[in-house]
1. Just to confirm the filter: which trypsin sites (Lys or Arg not before Pro) across segment 15-91 are DSSP coil and have at most 14 other Cβ within 10 angstrom of their Cβ?
2. Find the relative contact order for the chain and round it to a whole percent, using C-alpha pairs within less than 8 Å whose residues are 6+ positions apart.
3. Find how much the distance from T92 to Q162 grows on full extension, using 0.36 nm per residue of separation minus their present alpha carbon separation; answer in nm with one decimal.
4. Report the residues of segment 115-137 in range of a label on I54: point 7 Å along Cα→C-beta, backbone N strictly under 20 Å from it.
5. Under the rule of at least 5 residues apart or a separate chain, name every residue whose amide H is placed under 5 Å from the amide H of A72.
6. List the GluC sites (Glu not before Pro) within segment 1-51 that DSSP assigns to loop and that have no more than 11 neighbouring Cβ atoms inside 10 Å.
7. Amide H of R3 versus every other amide H placed in the peptide plane: which residues, excluding those fewer than 5 positions away on the same chain, fall under 5 Å?
8. Which angle between 0 and 90 degrees, to the nearest 10, do you get for helix 83-98 versus the longest principal axis of the chain when only C-alpha atoms count?
Amino acid sequence: MARIYIALVDTPGIFAYLIRRFLKQKYIHVVISMDAELEEAYSFGRRNPFIPVIAGFEKENKEKILRAFPTADYMICEMECTGRQKEQIRQTLEQDMRDRFHYHYAVLGLPFILCGRPFYQKNHYTCSSYIARLLSENGIQVSEKHFSLVTPRDFYEYPDKQVLFEGALEEIVHPEESWKLRKPEAVYEY
């Protein structure tokens, strides 16, 4: 059995605040990764973490995201799949990364999500709709909804996942420094 990883992300910002209010949950962004450390991770979101208006398909850069959002929290989940499914997902992600400038964020689809009506504009996705479609095309059904209606909540509520980590992005990027911050004070015996 192989595994893929889904990271649910909580980042600050006005747009994130609005999505959080709509979803009524902490985690408002979804990332797919081939590894638990998020070294090979992809999502639909900001092309540059510092610039919110330009969005599309990108490979995640943890260090850059940490610099932009030092208080970001992550929940990393593991999902079982077959080796073949994982390899097909990896190949699609690599191909989509090569073609990344043909993909765009589905801004027009957001009102349709609010209304519960499926809407798909070619090569336009939200973070969750892209991953839902990718997984569905490879035999992993996260939700019964049309992929364009899938939100981070569906990944959060997906029962066939195992939570591996929940905490600050800082702990993922600099685990040794995070450990030092939480290290208990020395106990001296007399």
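The values are calculated or read from the model by the stated rules, or taken from the named source; none is laboratory data. All figures in this text were calculated on a predicted structure; none of them were measured in a lab. Quick reminder, even Gly has a Cβ in these numbers, built from the backbone with ideal geometry, and neighbours come from all protein chains shown. Each accessible area value is taken on the protein alone, full model and side chains, heavy atoms only, with ligands, DNA and RNA left out. Shrake-Rupley method; radii C 1.70, N 1.55, O 1.52, S 1.80 Å.
1. Numbers: sites: R20, R21, K24, K26, R46, R47, K59, K62, K64, R67, R84, K86, R90; in loops: K24, K26.
Sparse-neighbourhood loop trypsin sites (Lys or Arg not before Pro): K24, K26.
2. Numbers: 323 pairs, mean separation 48.4, N = 190.
Computed value for the chain: 25 percent relative contact order.
3. Working: separation 70, 0.36 × 70 = 25.20 nm, distance 2.37 nm.
So the extension gain works out to 22.8 nm.
4. Counting only backbone N, you get 124-127.
5. Distant-sequence amide H within range of A72: L169.
6. Details: sites: E37, E39, E40; in loops: E37, E39, E40.
Taking segment 1-51 and a limit of 11 other Cβ atoms within 10 Å, the loop GluC sites (Glu not before Pro) found are E39.
7. C81
8. Computed tilt is about 80 degrees.
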